[in-house]
Amino acid sequence: MTAADAHPPHNVRAPGPTAHDATAPAPPRVTAAGPAPHDITAPDFTPHAVATVLGSAVGDALGAPFEFGPGGAFSARFPRAGHGSEMCGGGGWDPGEATDDTQMAVLVGESLLECGGLELPDIFRRFQRWAAARPKDIGLQTEDVLTNGEPWDRAAALHFQVNQRAAGNGALMRAATSAVHFAGRGRDATMDAGRRIAALTHGDRAAWEGTAIFHEVVRVALAGGDPLTALPDTLAAVHPDHRARYATVLAPDWHPDQATEFNGAVWPCLGSAVWALRTTDSYEEALRAAVDIGGDTDTVAAVTGGLAGAVYGPDAIPRRWTEPLHVPLPGFGDRVLGAAELAGLARRLAA
Ligand SMILES: [Mg+2]
């Protein structure tokens, strides 16, 4: 599961004015000379890493009550940005309650810290323990892979052999913690880690590549680059068999209406998140746009929130969204993480 084709490292330049944020001041974390390709040791790297993890969790909780609903439902209920109690709960979720997306991301993050690195069997065991505790929400495929009794390195592949459909967004949705942890290792290392963790539950390489792209986009943002400008280079590092399909959904003129699958699939989910980032100018607006797409709103917003958090940093995430945030961890006692615990986890992962 290594990258099939190696490419020279991409030099991430300091962000200048772009079509994306022509009016935004350059982030202060970048020196005038710009960062070295893999230099994310600038003083305020950690806050943006925290915002990646926190931003994803907030998106998950914000979108959960609207899951499987129609497009436009969020803005119809909350027409004015910056106002209202958008962390409204519903559909079985308490206000601010994060779902499987964030729960699994926490499990990955805690495994990385407690094992001192990537121990795939340990992550798989934590996933199994969590799945056995019957979480409120779990993807059908993820549940099957985690409960079919097969070993960690065969369960997902066997599921894919039998079902031939395994390109859901269930690996992409939980990637914020690992993306933060591996961002300092450079492009190839972070994309490879993304692929390996995705493969624990998803046998389809399309899911690996989508998760790898998310890892790299976060890395570029944390390095002070513009992840949208860097997308062509990111795509060059995608497995050739999957490059064209991702190029389509990540193209500047792609719109979620053009999706050819439900956004529970990995391609339109990632494409929609990047679209939400590209077509807005703030964390809050990106998240409003993501939830308003409808469909798999918790996951599209979790992915969007991770990207927008990495780009805009923690001060951009509304406090009225982080205050009610909480992450139950089924299978792990009565643990419930709040925003402060999530931020602490992110800080340790970025250290
Ligand atoms: Mg979910």
Being charged (D, E, K, R) and either more than 16 Å from the ligand (Cβ to nearest atom) or more than 24 Å from Ile123 (Cβ to Cβ) (or both) is the filter here; which residues of region 90-103 pass it?
Asp94
Which helices (runs of 4 or more DSSP H) does region 276-333 wholly contain that include 1 or more residues that are over 17 Å from the mean Cα position of the chain (by Cα) and touching a residue at least 40 places away in the same chain (Cβ under 8 Å)?
283-292, 319-322
Among the candidates Val106, Val53, residue that is over 18 Å from Gly168 (Cβ atoms), within 22 Å of the chain's Cα centre (by Cα), of a type in the set (A, V, I, L, M) and within 14 Å of the ligand (Cβ to nearest atom):
Val106
Scanning region 56-100 for residues that are in a loop (DSSP other than H, G, I, E, B) and aliphatic (A, V, I, L, M), the one nearest to the chain's Cα centre (by Cα) turns out to be Ala98
What's the total number of residues in region 193-230 that are part of a helix (DSSP H, G or I) and either among the β-branched types (Val, Ile, Thr) or in contact with a Lys or Arg (Cβ under 6 Å, 6 or more places away or on another chain) (or both)?
9
For Gln141, the lone unmet condition from (1) over 26 Å from Ala57 (Cβ atoms); (2) surrounded by 23 or more Cβ atoms within 10 Å (Cβ to Cβ) is (1)
Return the pairs, sorted by first residue and then second, in which the second residue is among the polar types (S, T, N, Q) and modelled with pLDDT under 95, the first residue lies in region 199-216 and is within 20 Å of Arg154 (Cα to Cα), the beta carbons are less than 6 Å apart, and the residues are 6+ apart or on different chains.
Thr201/Thr142
Of Ala230, Ala244, Ala223, which residue is crowded, with 24+ Cβ neighbours inside 10 Å and small (Gly, Ala, Ser)?
Ala223
Hey, any hits in region 259-267 for a residue that's assigned to a loop (DSSP other than H, G, I, E, B) and farther than 22 Å from Gly59 by Cα?
yes
Residue satisfying condition, being closer than 25 Å to Phe262 by Cα, surrounded by 24 or more Cβ atoms within 10 Å (Cβ to Cβ) and modelled with pLDDT of 95 or more, within set Val217, Val180
Val217
Taking region 231-251, which residues are closer than 18 Å to Val303 by Cα and outside any helix (DSSP H, G or I)?
Leu250, Ala251
Being in contact with a His (Cβ under 6 Å, 6 or more places away or on another chain), more than 24 Å from Ala244 (Cα to Cα) and either more than 16 Å from the ligand (Cβ to nearest atom) or at pLDDT 95 or above (or both) is the requirement here; does Val145 meet it?
yes
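Can you name every one of the helices (runs of 4 or more DSSP H) wholly within region 112-192 that holds 1 or more residues which are without any contact (Cβ under 8 Å) to a residue 24 or more places away in the chain, among the hydrophobic types (A, V, I, L, M, F, W, C) and touching an Asp or Glu at 6+ places or on another chain (Cβ under 7 Å)?
none
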If we keep just the residues of region 296-319 that are small (Gly, Ala, Ser) and surrounded by fewer than 24 Cβ atoms within 10 Å (Cβ to Cβ), which is nearest to the ligand (Cβ to nearest atom)?
Ala316
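Condition check ((1) within 14 Å of the ligand (Cβ to nearest atom); (2) crowded, with 22+ Cβ neighbours inside 10 Å; (3) closer than 16 Å to Ala286 by Cα) across all residues:
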residue	(1), (2), (3)
Leu62	yes, yes, yes
Phe74	no, yes, yes
Gly84	no, no, no
Cys88	no, no, no
Regarding Arg129, is this residue out of contact with any helix residue (DSSP H, G or I) (no Cβ under 9 Å at 6 or more places or on another chain) and surrounded by fewer than 24 Cβ atoms within 10 Å (Cβ to Cβ)?
no
So Ala166, is it crowded, with 19+ Cβ neighbours inside 10 Å, under 30 Å from Arg288 (Cα atoms), more than 16 Å from the ligand (Cβ to nearest atom) and not β-branched (Val, Ile, Thr):
yes
Suppose the filter is within 22 Å of Leu140 (Cβ to Cβ) and within 16 Å of the ligand (Cβ to nearest atom); does Leu172 pass it?
yes
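To keep it simple, each residue is scored yes or no on (1) of a type outside the set (Gly, Ala, Ser); (2) under 16 Å from Glu119 (Cα atoms).
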| residue | (1), (2) |
| --- | --- |
| Trp152 | yes, yes |
| Leu158 | yes, no |
| Gln161 | yes, no |
| Ala166 | no, no |
| Ser178 | no, yes |
| Ile197 | yes, yes |
Residue check, Ile293 over 28 Å from Ala167 (Cα atoms) and surrounded by 24 or more Cβ atoms within 10 Å (Cβ to Cβ)
no
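The values are calculated or read from the model by the stated rules, or taken from the named source; none is laboratory data. For clarity, every value in this text was computed on a predicted model and none was experimentally measured. Every residue, glycine among them, receives a Cβ derived from its backbone with ideal geometry; neighbour counts consider all protein chains shown.
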